[in-house]
Amino acid sequence: MKLDVAHLMRPGTLNLTALPPLSVYVHLPWCLKKCPYCDFNSHEFRALKSGAIYMQNEAPPTALPEAAYLEALCADIETSLPWVWGRPVHSVFIGGGTPSLFSPAGITRLISDLRARLPLVPDCEITLEANPGTFEKDRFHAYKEAGVTRLSVGVQSFNDQHLQAIGRVHDSAQAIAAVQEAALAFDTFNIDLMYALPDQSTTDLQQDLSMALSLQPSHVSIYHLTIEPNTLFAKHEPPGLPPDDLAYDMLDLITSRTAQEGLQRYEVSAFALEGHRCWHNTNYWQFGDYLGVGAGAHSKISFAHRICRMVRHREPNVYMQKAMAGEAVAQSHEVSRAELPFEFMLNALRLKEGIPLTAFMERTGMPLSTIESSLQAGQQRGLLRVDHNRIQATDKGFDFLSDLQALFLPASDPERAG
């Protein structure tokens, strides 16, 4: 699908006085093994780099199509330039899949291609996701030399039994070694953890947290294991999942322990030391724009009178073929006025500190009267605080965030929603 930029720039029903900050997301779709809980666009690749883990009964290795994929990404970026021409890029997030399957030379080329085509600001945050199963000594240092400024290590747990239960290919020793190497290479690094795992107790979680915090990360992301549609766990739910009450106790433990170490909870699942918040994800939550390139990547791009979403072709080989032909986008649609309040609040209300009310007008191009009844309903139910021109979920609203966000659904009756 080729998009007509002139058509996107025509008059419309929205009136954005200024365009929001722009980020870039790059999707590298391959991983060693598809985790049973994962609903991301990831595809197993069994040819691993020297020094990485080979799984039992592997098929003979074949070459990762790194060069061909990087060519396709470059073509995709160039085709996308008219949508974002001249806009500075404040962050780049290289996600997957497992981006650390790509060589440091490949990541160097990717970042160089981005810099050559887009105006990255001097202090642009560039994050790379890495998994311990692809860890090699000095590899993280090489990524830093390539231009990566922030590493996110997908640990999930330091308990071997729990790692096996959720299908991870690394063990606790490899996780610790990878995080230690990340700490040596990067001033800012993130540890991804999960909780409410099969047969996990609060004691188990306490041990995971103690290990993670002993490694002194500047940022921790902690997610509740959820059973997503179209995953292996959706077809075969693992036994031993903790009941909701226990999961809530686990979340209380997480917020308490991270606070003791000076990690501030600034978003539902994100905890950071002062000065180490993830700028890229914060831009998502503040309803900023992002150009997504790579197989299955999503974009949100604002224009003067409309906001559009695009999705790239999901299957990597199809994506590469289409991108080289200038047709990487598989679907595109304009976000309707009716959908915008919910889309904005779905993101903004995740922020612990909330967001200025003026941001709603700036980022959606719509007046505050559009959401007045929903704001009132949120306050009446004790879910929302509106103070000094700022909206913020209350403690109750944070605990029942889905109910609060639902008040802003299209055509919903605030007196009945939730």
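The table for this structure:
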| item | result |
| --- | --- |
| Dipole in debye (nearest 20) - the chain, about Cα centre, beta carbon charges: Lys, Arg +1; Asp, Glu -1 | 1080 debye |
| Interchain or long-range residues, amide H under 5 Å from F45's placed H | C31, L32, K33 |
| Per-residue [θ]222 nm for the chain (sum of -39500 (n - 2.57) over DSSP H runs n ≥ 4, rounded to 500) | -10500 deg cm²/dmol |
| Cα-based radius of gyration of the chain once divided by 2.2 N^0.38 Å, which approximates compact folds | 0.99 |
| Residue-wise HN-Hα coupling along the range 383-396, computed from phi with Karplus coefficients 6.51, -1.76, 1.60 (Hz; x: Gly, Pro) | 9, 9, 10, 10, 8, 6, 6, 9, 10, 7, 5, 6, 4, 5 |
| The range 213-262, dipole about Cα centre (Lys/Arg Cβ +1, Asp/Glu Cβ -1), debye to the nearest 20 | 200 debye |
| Assigned charges on the beta-carbon of Lys, Arg, Asp, Glu; the range 344-406 dipole about Cα centre (debye) | 60 debye |
| Reach of K235 by Cα under 14 Å, taken over aspartates and glutamates that are not fewer than 8 positions away in the same chain | D39 |
| Candidates P88, P20, P316: whichever shows maximal mean-square fluctuation once the chain is modelled as a Gaussian network with Cα springs under 10 Å | P88 |
| Amide H contacts under 5 Å for V89, placed H, 5+ residues apart | L120, V121 |
| Among A328, F140, F186 - extreme Cα towards positive end, dipole of the chain, charges at beta-carbon | A328 |
| Relative contact order (%) - criterion: Cα under 8 Å, at least six apart; region: the chain | 19 percent |
| DSSP H segments from the chain that extend 15 Å or more along their own axis, Cα-based, with Kyte-Doolittle mean of -1.0 or above | 66-84, 104-117, 172-185, 202-214, 244-260 |
| Cut-off of 10 Å, at most 13 other beta carbons, DSSP loop: longest stretch of the chain lacking such chymotrypsin sites (Phe, Trp or Tyr not before Pro) | 86-418 |
| S214 paired with L246, simple spin-label distance in nm, labels 7 Å along Cα-to-beta-carbon | 2.4 nm |
| Signed unit charges on C-beta, dipole axis of the chain, positive-most listed residue P88, V169, T255 | P88 |
| Percent of Cα pairs exceeding the 22 Å cut-off, where the set is the range 287-418 | 44 percent |
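Coordinate-derived values only; no laboratory data. Just so it is clear, the structure is predicted and the values come from calculations on it, not from any experiment. Positions of Cβ are backbone-derived with ideal geometry, glycine not excepted, and every protein chain shown enters the neighbour counts.
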